[in-house]
Every structure is written in structure tokens, then in C-alpha cells.
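One structure is given below, encoded as C-alpha cells.
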Amino acid sequence: MIIRLLLFLVMVAATGAFAFVAYTSLAPRDAAVASAPVELPPEPVTTTILTAAGPVPAGTLLRAADIQGKEVPADEKPAEALQDTPDMRARLLGGMVRQPLTPGQTLTEQMVLQANDRGFLAAILAPGYRAIAVGVDPATGNAGLIWPGDRVDLVLTQVLEEQAGTPSRRVVGETVLQNVRVVAVDQKLTQGAQGDTAEGDRIARTVTLEVSPEDAPRVAVAERLGRLALVVRAADEPVAKRDAGEPRPRMGGLLLANLPAVPSAQPAPAAAPAPAPAKPVWAGDVSPALRSPEIPAAPRAGGGSGGRRITVINGATTSETSF
């Protein structure tokens, strides 16, 4: 009996010792595993840059739809890339791209010519065209509703010297130029560009037009002859062709003539002959109403011809001649 009791106590003690050893060996490991934090990979630092939203031809004035943001890792951002901020987007609007852009291409300062940069006005002109400014007032300038990019007709109104019996011929209006592109209004070269509120509400005083070298002196002479008014044309009206039969160049690609020449294996073309000296433009060249030295009198109410009547007697023949 005593032996069985001793054996039972020995087994209980051995079992307890085994359980204690197992607990002490396993418990610290579980605690260490439970207390150790799970290390997650660090989140990559990114930044947003500006890129082209689609293909943009050289010479295009940038719109909001031409620009988009692209998220890239901060350590992979190109050094000259433009940060996507509201101020940077507003700054690029209306700027002209110097080179063709492909979809997703990163935008840089060198790719865009800003409206306030030197040479912007000369760059947006079509090759071979000139810019000339004309003075306007709230009436002749369409109450400040003309913007760069609009197309207008230039109408001249002048008061001629009143002659006896011709009061209906004293004032004459003529269209000097048709379908002329507006390139600037005061110092605004892009639509929507304006300074502070006071400047934005001010009615324009000058409008700059894109004209051919032959039309530039016509505009200058017309401004001295009388009052010029700008007539806005419909936006969907097709562009009229020039006298030579060639259409006016469109906005896209205007800067190509101003970009550096691309090296080519083709031989350089022969130099163009020097242009002939420009001929003077007289008032009669602009205003057909001034070409005749004497304005004819209006016909009489009775339908007969005006002027004097002289009776010519030639022997037995008598005739009347009117002057």
C-alpha cells in the first residue's frame, strides 16, 4: 500500500515537473512573438507633375483640357518637371507650346512660351503676317466683348466734304478688311487673361490685328481717314481665302517658322529674291469714295438726268445734250 502511494506521488511530481518545464520553455517564446510589432513596408513618397493630356501641335495655345496631372515616385521626378498646383495650371493656360507634345509627355518651362514673355506676340503671328494696333472706344470696340482669337471685319466710316446738292453722299461707310484675326486686346494676348478686378472691368482702348504686309498700310491710312469699327464674325463661319487663293494659316504650327532649323541632308534651297519696295498707299486706294474728283449728283425725282441741257443746232438738225 505504501509502495503504491509512493509510486503515485512520484508520478504526480514527474508530471508536474514536466508540465512546468514545458510551460517555462514555451511561454516566453509566445510572449515574444505576441509582443513583436509587424513590420510593414514603408509607403512610397509620391508627387504629382503636369503632363500633356493628348497630342498638342506646336504653336497651340494651351487649354485646360490639354493639361493633366500624373502621380510619380518622388525620387523619380524629372528635375525640370512642373509641379501640379492650381497656380501652375493657371499660369500655363494660354501659353503657346514651342514643340509638338505627345500624350503623357512631361511639361517643362522650356516647352511653353508664356503670354508675358518677350516675343510671344511675334510667335503667335502666322508666318508672313504683321501685327498692327488700332484705337477703339466702347462703341467701335463692341463694348469690350472682343477677345483675342476672334475674327472681325474692319469698317471705315468717314464724313466727306459736303457739296452742293449732294447731302445724301456726305457720309460713307466701307469695309476695309474682312476676316481679320484679333491677336491682342490692350495687353491681353489670351482669352480670359486679366489682371485685378479694376483692370478686368476696363473697356479696351486698343485692339491688335493680324494682317498681311500689304494690308498693314491700308489699316494705318484708314485710321487717319475716319472712324474705324470692328464687326465680329460668327465663330463657325469658314475662313475666307486670300486674294492669291491660299487659305489663312491656322493656329496649329504657327511657331514652326520661328523654331531653329532642323539639320537635314537635303541641300539648302536657293535664297528668295529680295522683295520689291512697298508702294505708297493713298487715301483713294483704301476708300473708293475718294477716287473720283467729283461726286455725281443724285438723279432727279422725275427720272430724268440731272445737270444742264444745251441745244445744239447743226444746219437743219437740232439736238439737245445733257451734262
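Quick note: the coordinates plus some simple rules give every number you see, no bench work behind them. Treat the numbers as computed from the prediction; the structure is a model and nothing was measured. Note: ideal-geometry Cβ built from the backbone for every residue, glycine included; neighbour counts use all protein chains shown.
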Of the candidates Thr108, Pro55, Gln83, the farthest towards the positive dipole end of the range 46-113 (Lys/Arg Cβ +1, Asp/Glu Cβ -1, centred on the Cα centre) is Pro55
To the nearest 20 debye, the range 46-113 has a Cα-centred charge dipole, built from +1 on Lys and Arg Cβ and -1 on Asp and Glu Cβ, of 280 debye
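Assign one of three labels to the range 46-113, namely rounded, prolate or oblate, based on the Cα gyration tensor with a ≥ b ≥ c the square roots of its eigenvalues; rounded applies when a/c is under 1.5, prolate when it is not and a/b is larger than b/c, and oblate otherwise.
Taking the square roots of the gyration eigenvalues as a ≥ b ≥ c, the range 46-113 is prolate.
Are there trypsin sites (Lys or Arg not before Pro) in the range 86-128 that DSSP marks as loop and that have at most 15 other Cβ atoms within 10 Å, and which are they? Please list the in-between numbers first.
Working: sites: Arg89, Arg91, Arg98, Arg118; in loops: Arg98, Arg118.
When the trypsin sites (Lys or Arg not before Pro) of the range 86-128 are filtered for loop state and at most 15 Cβ neighbours within 10 Å, Arg118 remain.
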Listed by chain and number, the residues whose amide H is under 5 Å from that of Leu113, excluding neighbours fewer than 5 places away on the same chain and using placed H, are Met96, Val97, Arg98
